[in-house]
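Down below is the structure, laid out as structure tokens.
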Amino acid sequence: MIVDALATPPPAGAGAAPGPARPQLDLELRSIRKRYGSFVAVDDVSLRVGKGQFVCLLGPSGCGKTTTLRCIAGLEEPDGGDILIGGKEATKDPPWKRDIAMMFQDFALFPHMTVAKQVGFGLEMLHRPKAEIAQRVQHILTSFEIAALADRKPASLSGGQRQRVALARAMITEPRILLLDEPIGALDYSLRETVMLELKLLQQRTGISFIWVTHDQNEAFSLGDLVVVMNHARIEQQGVPEDILLRPATAFVAGFVQGNNVFRGRTGDVLAETLAIKTAAGTFLAPRERTAPPLPTGSEISFSVRAEQITDRLTDRHVNRLTATCTAVEYFGAVRRHVFERSGGEVLKYDQFGAQAARIAPGQRVTLGWTIDAVVVHRSAGA
Amino acid sequence: MSTIRARSAAGYWLALPAAVWMVGVVVVPIALLIWVSFWGGRAFSTESPLTFDNYARFFANQTYLKLVLSTIVHTATLMALTGVLGYCIAYFLVMKVRRPGWRLALFLAFIIPFWTSTLIRAIAWVPFLGVNGVINQALMFAGATQSPIEAFLYSHTGITMAQVSLYTMLAAGPVVYMLNSIAPQLREAAMTLKAPPFVVFRRIVFPLTLPGVVIGQVLVFLNVMSDFATVATIGGNKHALLSNLVLLFYESSQIRAAAVVAVLLMLCMLAGVVVALRVVDIRRLGA
């Protein structure tokens, strides 16, 4: 499934192409494949990134997101598929001929060069005059608030300072695409939120496309214009954050994204508007997909319900019901999460607004319910 | 972490055995050597007056001065040859050999010859280099030459060939270590910053391996300067370097002259190490 990233409007200042001409893509991946021996690292990954987009590749470790990034950088050669950078075929180009820059997880600063020297390295490689290099290095160091470190070597810098140097070094040549491999994973937790916001603003201001690899869904959903969820070398779902949070396409995405309750079962009766799904916890009604061809009765199917869509204040609309015992209550401020035990060792999460008074105590047996519309039916596994 | 504090009594006691050993076998003999090199007169006695005569005699002799010069030139040649060859071997082993099995096999192939002594390995070159030696027979079999080349054994070329084979691994070893310690991301980062491979090598890889290169060069320098055995076996009586002169004077019981040459040899070595340390601070390695 390919969601056209161009569907979302480009950020202001990116300079919309005049006339009806199709705006150029910053990056296009066409069915990229990469294998190491018998291990498939990237399988049929296709992606389209419009001008100046912030794309997050999200997934558990070993899902192929870093390999995909390295293929875009040219550090790995894909076994199949095409990579287009700025509309130009770049699959066979070596890294030094691609219009990209990359920020590495541990920043990969050159230990023998001063901050000023390595920030200017990219411009030196472009054979810019010395005076211009000095001036642009000075400018970027000042705007990143690291001008005082110009003559220091990386070994004497803190984690946050190294991160800024690495970013300045990658950004100074103003590439079309900046590739970031877990760029804030090495930072202290308290620093991450500030840096995330800075990077988002920087991306919007410069109009450079960011491809950001992370396993942290908070990063992905708060930063990405487009979020690409990967698992087992494949793209499970791509779309805007709301899409993935509210309408997970597969059981994996639903389970990976926080706050979903995933149910697995078999299809039952198909009614006019609804589909009955038989699970170990009972039979539930889901909205019938009008676009998809109907599945034969008894097919395996999964669906999810978000924790905040569940309620213990039942009305006639809450036709899906489940009685379970509360095992724990966690208070996060914004929400109060109740954990219930379901059959088969699975849990059911129910989030209540944190501002409301507590109504359920651990050990209590409660009947919970949700509406038909709250049910998100997934693509069948492997489809 | 060490649990022994600096300047504690335990620290001094632990340092004592090594200190006694070093004073006994290094400091005292060198002091004696320097002392003997200043002895005047003819008698071999501690009563001898101290003069600069021995040094004056050495420096007045053109042959000896030429020997110093040729020793330095020879050592510099060896350093250049082993440096380039050693770096290439190290780069190949670390960067190009990807299979661990191959790497181990090649590493052993380079290391195993070092299990025999330097003297044996030097002597082992004789049957290779001789007029009817392996190299000449191979060349004649291949039709590269009609008559055997006599320039190999008992010649400067032969000495150089043997010493290159003896000391190349000394130059390569520290470079292997330094190359291994360069994170692959550094080269990748340079490539994504538009540096083509040779520039990556010149600007990133080589500067980061420079300490290894310098250490290797110091090892080769010290070994070649002090290697009299290879020169004696391969060079026969026709060729000599400074270290052979020490042996020559010693065997002819000219102890004062031997001491003078030994002291000068040590000074040359000391100067070389000082220069090396100015290029790279070896003490900071591993930090």
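Quick notes
- If the condition is being in contact with a Gly (Cβ under 7 Å, 6 or more places away or on another chain) and surrounded by fewer than 17 Cβ atoms within 10 Å (Cβ to Cβ), then the range A:31-64 contributes A:S31, A:R33.
- Search result, residues across the range A:34-63 that are in a loop (DSSP other than H, G, I, E, B) and either more than 24 Å from A:L245 (Cα to Cα) or not polar (S, T, N, Q) (or both): A:G37, A:S38, A:G50, A:K51, A:G52, A:G59, A:P60, A:G62, A:C63
- Residues in the range B:180-227 that are of a type in the set (V, I, T) and in contact (Cβ under 8 Å) with a residue 24 or more places away in the chain: B:I182, B:V205, B:T209, B:V213, B:V214, B:I215, B:V218, B:V220, B:V224.
Here is a yes/no grid of residues against (1) among the hydroxyl-bearing types (S, T, Y); (2) within 14 Å of chain A (Cβ to nearest Cβ); (3) assigned to a helix (DSSP H, G or I); (4) crowded, with 19+ Cβ neighbours inside 10 Å:
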| position | (1), (2), (3), (4) |
| --- | --- |
| B:A122 | no, no, yes, yes |
| B:T145 | yes, no, no, no |
| B:T157 | yes, no, yes, no |
| B:V200 | no, yes, yes, yes |
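- When B:L241 is tested against (1) touching a His at 6+ places or on another chain (Cβ under 9 Å); (2) under 30 Å from B:K194 (Cβ atoms); (3) in contact (Cβ under 8 Å) with a residue 60 or more places away in the chain; (4) not β-branched (V, I, T), just one condition goes unmet, and that condition is (2).
- Just one of (1) in contact with a helix residue (DSSP H, G or I) (Cβ under 6 Å, 6 or more places away or on another chain); (2) modelled with pLDDT of 95 or more; (3) farther than 24 Å from A:G120 by Cβ fails for A:I211. It is (1).
- The range A:255-289, residues that are within 19 Å of A:N231 (Cα to Cα) and in contact with a Phe, Trp or Tyr (Cβ under 8 Å, 6 or more places away or on another chain): A:V262
- Only a single criterion out of (1) surrounded by 14 or more Cβ atoms within 10 Å (Cβ to Cβ); (2) within 16 Å of B:G235 (Cα to Cα); (3) out of contact with any helix residue (DSSP H, G or I) (no Cβ under 7 Å at 6 or more places or on another chain) is not satisfied by B:Q163, namely (3).
- Residue within the range B:202-219 that is of a type in the set (F, W, Y), within 14 Å of another protein chain (Cβ to nearest Cβ), under 24 Å from A:R98 (Cα atoms) and surrounded by fewer than 19 Cβ atoms within 10 Å (Cβ to Cβ) present: no
- Filtering the range A:183-203 to residues that are over 18 Å from A:L57 (Cβ atoms) and polar (S, T, N, Q) leaves A:S190, A:T194.
- Here A:L167 fits the description: over 24 Å from A:G64 (Cβ atoms) and crowded, with 18+ Cβ neighbours inside 10 Å.
- Residue that is nearest to the other protein chains (Cβ to nearest Cβ) [pool: residues in the range A:84-106 that are buried (at least 17 other Cβ atoms within 10 Å of the Cβ) and part of a strand (DSSP E or B)]: A:M102
- In the range A:133-156, the count of residues that are within 14 Å of chain B (Cβ to nearest Cβ), small (G, A, S) and in a helix (DSSP H, G or I) is one or more.
- Restricting B:M140, B:M225, B:M169 to those that are more than 14 Å from chain A (Cβ to nearest Cβ), assigned to a helix (DSSP H, G or I) and more than 30 Å from B:M266 (Cα to Cα) reduces the list to B:M140.
- Condition met for A:F110 (under 30 Å from A:V165 (Cβ atoms) and within 9 Å of chain B (Cβ to nearest Cβ)): yes
- Lone unmet requirement of (1) touching a Lys or Arg at 6+ places or on another chain (Cβ under 8 Å); (2) in contact (Cβ under 8 Å) with a residue 24 or more places away in the chain; (3) under 30 Å from A:R70 (Cβ atoms); (4) among the small types (G, A, S) for B:A257: (3)
- Among the conditions (1) more than 17 Å from A:V375 (Cβ to Cβ); (2) surrounded by 13 or more Cβ atoms within 10 Å (Cβ to Cβ); (3) in contact (Cβ under 8 Å) with a residue 40 or more places away in the chain; (4) not acidic (D, E), A:V329 misses just one, which is (3).
- Yes/no for B:I182 being among the aliphatic types (A, V, I, L, M), crowded, with 21+ Cβ neighbours inside 10 Å, under 30 Å from A:L109 (Cα atoms) and at the interface with chain A (Cβ under 10 Å from one of its Cβ atoms): no
- Residues that are modelled with pLDDT of 80 or more and of a type in the set (F, W, Y) within the range B:147-167 comprise just one, B:Y167.
- Any hit, the range A:68-82, residues being outside any helix (DSSP H, G or I) and more than 28 Å from A:H215 (Cβ to Cβ): no
- Residues that are of a type in the set (A, V, I, L, M, F, W, C) and assigned to a loop (DSSP other than H, G, I, E, B), drawn from the range A:336-383: A:A355, A:A357, A:A358, A:I360, A:A361, A:I372, A:A374, A:A381, A:A383
- Check on A:V319, modelled with pLDDT of 90 or more and more than 16 Å from A:I277 (Cα to Cα): no
- Test set (1) closer than 19 Å to A:Y350 by Cβ; (2) in a loop (DSSP other than H, G, I, E, B) - A:L295 fails condition number: (1)
- Single residue of A:R266, A:R234 found to be more than 17 Å from the chain's Cα centre (by Cα) and among the charged types (D, E, K, R): A:R266
- Within the span defined as the range A:65-83, every residue fails to be within 13 Å of chain B (Cβ to nearest Cβ), over 20 Å from A:R234 (Cα atoms) and buried (at least 16 other Cβ atoms within 10 Å of the Cβ).
- All told, A:L187 falls short of being exposed (fewer than 13 other Cβ atoms within 10 Å of the Cβ), more than 13 Å from chain B (Cβ to nearest Cβ) and closer than 30 Å to A:V253 by Cβ.
The values are calculated or read from the model by the stated rules, or taken from the named source; none is laboratory data. As the structure is a prediction and not an experimental result, all values here were calculated from the model. Reconstructed Cβ throughout: ideal geometry from the backbone, glycine too, with neighbour counts over all protein chains shown.
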